[in-house]
Amino acid sequence: MKVLLAAIVVMAILLGINQAGEAERLATRERELNRRARHTAESHGTGDEDRRTGSTTKAVKLDRSGKRNFDAGSYIGKFKSLFAIAMQRDTLPEEERFIQEDLLDASVDEILLLPQMMRDAGLPDEAAMFLNESTSVRLLDRDPALACEHAIKGGDLENFRLVVRTWISRDPEKAAEWLEMRGKADPPLDEKTLAAYGGNAPLDLPGLVDTARIAAAPSSADLGRIITLEGKDLDRRMEDVLQVMSGDNLPVFLRRLSKEGREDLVELAMARHPDPHLARDYLKQVELPPASFTKIGEAAVARLDPADLPRGMEWFVSNTDPALRGDSLDRLVESWTQENPQSVARWIERQSPGEDRDRALRAHQEALAHPSPRH
């Protein structure tokens with residue numbers, strides 16, 4: 001039992017599980033997933049031409065003797081050693097780079113065999129689940145549908161969602177077709193449950209299909225389902241859409257939400273977008289009424305880290321209506337003063353003389369005189 005518990009703890013370390021920062025962890029994994037996939041393509045010259053032709057052939061590196069560098073048995077041995085080191089150090093050793101790098105030389109068939117080889121070598125299922133994330137990424141450039149099937153076999157819900165969303169971001173129409181086809185299979189994919197925090201959870205296949213259809217045609221896709229969602233279902237759907245939508249298409253989608261009377265979802269999109277600076281640029285393209293733009297702009301700036309607030313505040317005073325932003329400016333300065341009064345003071349000093357500067361200074365002094373109890 002002690003060994004099993006230790007294995008679970010170590011694999012939790014390897015997987016980077018952080019319950020307190022779950023949303024940020026998933027966003028970080030999403031960015032890393034895309035980075036690794038790009039690195040895989042660049043390392044082997046796989047690019048747009050391969051994706052256009054649908055080629056699934058794989059050029060692999062050869063050593064001087066003409067043999068491929070990848071050896072599955074050696075790879076499993078290295079993974080076992082890494083696992084042993086992690087148990088001793090209680091952390092992820094620097095040697096973990098081989099997990100992704102060595103897979104660049106593996107064929108599709110070899111990748112598909114690795115999880116069972118790991119189990120045959122005596123490694124726990126948690127280790128095979130962890131490896132599935134890296135191998136799914138490795139398959140994405142060659143055969144996205146196979147990568148998704150492989151992720152399903154890995155049994156981890158978040159890994160499957162990340163792989164599917166990466167495919168949607170690249171080719172939403174093909175991804176939607178595959179998802180709809182798998183929904184009609186026997187048994188249908190939407191009846192499948194995978195491991196998630198707190199127990200098994202369904203794949204939410206209709207939600208992923210919606211996401212792909214919106215990403216493919218943001219100006220005409222049916223928004224009927226997304227605008228009727230609430231709570232966690234709505235949060236998850238918006239997160240999916242924001243992760244896959246291109247920068248050119250996102251403002252189109254947000255404009256449609258606004259026209260549907262769902263400016264609250266535009267605000268939610270600003271809060272959920274992984275890059276707040278880009279989110280503000282997109283917001284300028286949504287063509288909101290000035291009062292709505294000010295309200296949502298305030299919310300977008302309010303969520304920034306203190307280090308990003310000077311830049312965010314410059315954006316706010318440069319892009320909002322002076323006649324409308326007064327109360328919002330007060331609230332932003334007061335909140336910022338509670339976090340970092342010196343930074344606020346420096347920002348105010350740099351402002352040109354005028355109503356904004358005077359108002360910000362008054363709000364700053366008021367916040368200093370009456371600090372929030374939580375500070």
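The values are calculated or read from the model by the stated rules, or taken from the named source; none is laboratory data. Keep in mind it's a predicted model, so treat the numbers as computed, not measured. So basically every Cβ, Gly included, is an ideal-geometry build from the backbone, and we count neighbours across all protein chains shown. Accessible surface is based on the protein model in full, side chains and every heavy atom, while ligands, DNA and RNA are left aside. Shrake-Rupley method; radii C 1.70, N 1.55, O 1.52, S 1.80 Å.
Observations, loosely collected:
- Long-range neighbours under 6 Å by Cβ, at least six apart or interchain, first residue outside any helix (DSSP H, G or I) within the stretch 233-260, second open to solvent by 10 Å² or more (accessible area, probe 1.4 Å) and of a type in the set (Val, Ile, Thr): 260/227
- Residue 315 in contact (Cβ under 8 Å) with a residue 24 or more places away in the chain, in a helix (DSSP H, G or I) and open to solvent by less than 20 Å² (accessible area, probe 1.4 Å): no
- Pick from the stretch 203-226, criterion among the charged types (D, E, K, R) and not in a loop (DSSP other than H, G, I, E, B), ranking: surrounded by the most Cβ atoms within 10 Å (Cβ to Cβ): 210
Condition check ((1) in contact with a strand residue (DSSP E or B) (Cβ under 6 Å, 6 or more places away or on another chain); (2) at pLDDT 90 or above; (3) under 30 Å from residue 254 (Cα atoms)) across all residues:
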| position | (1), (2), (3) |
| --- | --- |
| 155 | yes, no, no |
| 176 | no, yes, yes |
| 187 | no, no, no |
| 191 | no, no, no |
| 202 | yes, no, yes |
| 207 | no, yes, yes |
| 224 | no, yes, yes |
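- Just one of (1) more than 27 Å from the chain's Cα centre (by Cα); (2) open to solvent by 30 Å² or more (accessible area, probe 1.4 Å); (3) in contact (Cβ under 8 Å) with a residue 24 or more places away in the chain fails for residue 329. It is (2).
- Filtering the stretch 246-272 to residues that are within 20 Å of the chain's Cα centre (by Cα) and open to solvent by less than 20 Å² (accessible area, probe 1.4 Å) leaves 250, 251, 253, 254, 265, 266, 269, 270.
- Matching residues, the stretch 136-154, being open to solvent by 10 Å² or more (accessible area, probe 1.4 Å), touching a residue at least 40 places away in the same chain (Cβ under 8 Å) and part of a helix (DSSP H, G or I): 152
- Any hit, the stretch 193-202, residues being open to solvent by 10 Å² or more (accessible area, probe 1.4 Å) and in a helix (DSSP H, G or I): no
- Only residues that are open to solvent by less than 60 Å² (accessible area, probe 1.4 Å) and within 28 Å of residue 288 (Cβ to Cβ) were counted in the stretch 338-358, giving 6.
- Residue selected from the stretch 274-297 under the condition among the small types (Gly, Ala, Ser) and over 22 Å from residue 244 (Cβ atoms), by the criterion farthest from the chain's Cα centre (by Cα): 291
- Filter result (in a loop (DSSP other than H, G, I, E, B), at pLDDT below 80 and either under 28 Å from residue 209 (Cβ atoms) or open to solvent by less than 20 Å² (accessible area, probe 1.4 Å) (or both)) within the stretch 91-119: 93
- In the stretch 120-132, the residues that are in contact with a Lys or Arg (Cβ under 8 Å, 6 or more places away or on another chain), surrounded by 20 or more Cβ atoms within 10 Å (Cβ to Cβ) and in a helix (DSSP H, G or I): 128, 132
- Candidates 74, 43, filtered to the one that is of a type in the set (S, T, N, Q) and modelled with pLDDT of 75 or more: 74
- Residues of the stretch 182-192 classified as buried (at least 17 other Cβ atoms within 10 Å of the Cβ) and of a type in the set (A, V, I, L, M), total: 1
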